[in-house]
Amino acid sequence: MEYLLPRWTASAGRVGVSAPAADVEGAGMDLLRRWSEPHRGYHDVRHLAEVLDRLAELDDAGERVPVEAEPAAWFHDAVYAGRPGQDERDSADLARAALLALGAPPATAARVAELVLVTATHRPAPDDRAAVLLCDADLAVLAAGPERYAEYVAGVRREYAALDDATFAAGRSAVLRNLLDRPALFGSAAARGRWEAAARTNVAAELERLTSP
């Protein structure tokens with residue numbers, strides 16, 4: 001997991017942290033430990049790396065990702081206990097506190113925390129570019145190929161292992177229907193062009209599997 005550490009330090013530098021390098025690296029290692037907790041089935045270091053890669057892909061496609069989006073990606077599931085909404089609030093609090101401790105400008109720390117909160121619903125304001133692109137990168141797994149999508153679904157199921165199959169299927173089906181009801185899953189033009197069609201196909205197929213007799 002340490003291979004991601006240079007990406008953290010570069011990202012932190014771009015948002016103006018002023019702490020010594022050792023402190024910045026220490027904060028990155030704490031984040032990576034969080035992302036490596038054994039109870040995580042999908043929301044793990046692999047997911048973090050994929051979100052960072054998708055942000056870079058969108059930036060390369062000309063979407064001009066704001067600098068706050070990448071540290072928000074690092075923090076967006078840093079607290080994960082299977083409590084939708086509360087996890088994002090706790091992750092946002094962690095982001096604000098950690099960045100302030102590293103000497104980031106208060107307005108920047110608050111902005112990163114705000115972006116983390118948006119990932120609770122993945123419904124960013126259309127004119128909030130950083131939030132749109134962060135949500136696009138977070139949802140890009142929906143467009144994954146068959147093997148990765150199956151691994152994603154299995155990982156989510158492991159995170160809700162305490163639920164019986166019927167209860168899980170009902171809750172997961174509601175999530176999938178909510179996604180399919182949206183006019184678009186992705187907010188940016190680059191993300192829609194790359195991922196919208198495949199994501200809708202994957203989500204519809206998963207919903208069919210869950211609801212078929």
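The values are calculated or read from the model by the stated rules, or taken from the named source; none is laboratory data. Just so it is clear, the model here is predicted, and its values are computed rather than measured. Cβ coordinates were reconstructed from backbone atoms using ideal geometry, including for glycine residues, and neighbour counts include every protein chain displayed.
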Problem - Output for the stretch 95-109, where each listed residue is crowded, with 16+ Cβ neighbours inside 10 Å and either within 11 Å of the chain's Cα centre (by Cα) or more than 15 Å from A69 (Cβ to Cβ) (or both) - result: R96, A98, L100, L102
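Here's the yes/no breakdown for (1) touching a Gly at 6+ places or on another chain (Cβ under 6 Å); (2) basic (K, R); (3) modelled with pLDDT of 95 or more:
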residue: A81; (1), (2), (3): no, no, no
residue: P84; (1), (2), (3): no, no, no
residue: P105; (1), (2), (3): yes, no, yes
residue: L117; (1), (2), (3): no, no, yes
residue: D127; (1), (2), (3): no, no, yes
residue: A131; (1), (2), (3): no, no, yes
residue: C135; (1), (2), (3): no, no, yes
residue: G145; (1), (2), (3): no, no, yes
residue: Y149; (1), (2), (3): no, no, yes
Practice task
With the condition kept exactly as written, say whether any residue in the stretch 152-167 is of a type in the set (S, T, Y), within 17 Å of the chain's Cα centre (by Cα) and not in a loop (DSSP other than H, G, I, E, B).
Solution key: yes
Handout entry: Flag for G13 being part of a helix (DSSP H, G or I), at pLDDT 95 or above, closer than 24 Å to A120 by Cβ and of a type in the set (G, A, S)
Key = no
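Rundown of residues vs (1) touching a helix residue (DSSP H, G or I) at 6+ places or on another chain (Cβ under 7 Å); (2) over 18 Å from G103 (Cα atoms), yes/no style:
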site: W8; (1), (2): yes, no
site: V17; (1), (2): yes, no
site: S36; (1), (2): yes, yes
site: H47; (1), (2): no, yes
Problem - Meets criteria (surrounded by fewer than 20 Cβ atoms within 10 Å (Cβ to Cβ), over 30 Å from R158 (Cα atoms) and either β-branched (V, I, T) or modelled with pLDDT of 95 or more (or both)) for D60 - result: yes
Practice task
For the stretch 16-52, enumerate the residues that are part of a helix (DSSP H, G or I), touching a residue at least 12 places away in the same chain (Cβ under 8 Å) and closer than 18 Å to L142 by Cα.
Solution key: V45, H47, L48, A49, E50, V51, L52
Practice task
Identify the residue in the stretch 181-213 that is more than 27 Å from A56 (Cβ to Cβ) and of a type in the set (A, V, I, L, M) and, among all such residues, is farthest from the chain's Cα centre (by Cα).
Solution key: L210
Problem - Test: T121 is among the β-branched types (V, I, T) and surrounded by fewer than 17 Cβ atoms within 10 Å (Cβ to Cβ) - result: yes
